[in-house]
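A.B. asks: Quick one: this structure, given as structure tokens, is what I'll be asking you about.
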Amino acid sequence: MKITRRFLLPFVIALPLLTCSSGDECETCTQDTDCKAGFVCSRFSDGSQRCGTGTGASTCRVRN
């Protein structure tokens with residue numbers, strides 16, 4: 001069975017929507033506006049940028 005481009009197009013369009021972060025604490029970000037109110041985009045010790053409070057040490061559990 002051959003998969004057509006027309007069949008794959010909706011999945012290609014939906015992929016970015018499925019990978020967007022919600023802006024909650026520990027979600028990935030690139031700037032403060034990616035985070036919900038009360039959170040800022042912070043750099044963590046593992047080098048990732050995630051939404052956090054910006055005060056004190058934050059710990060996020062990340063699935064690999």
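The values are calculated or read from the model by the stated rules, or taken from the named source; none is laboratory data. Small disclaimer: the values here were computed from a predicted structure and weren't measured. As a convention, Cβ positions derive from the backbone with ideal geometry for all residues, glycine included, and neighbour counts pool all protein chains shown.
A.B. asks: When the residues of segment 1-25 are narrowed to those that are over 30 Å from Thr59 (Cβ atoms) and assigned to a loop (DSSP other than H, G, I, E, B), which ends up modelled with the lowest pLDDT?
C.D. replies: The residue in question is Met1.
A.B. asks: Then there's this: Mind telling me which of the residues Cys60, Cys51 ends up being at pLDDT 85 or above and not in a helix (DSSP H, G or I)?
C.D. replies: Residue meeting the stated conditions: Cys51.
A.B. asks: How many of the residues making up segment 26-41 are under 13 Å from the mean Cα position of the chain (by Cα) and assigned to a strand (DSSP E or B)?
C.D. replies: So the answer is 2.
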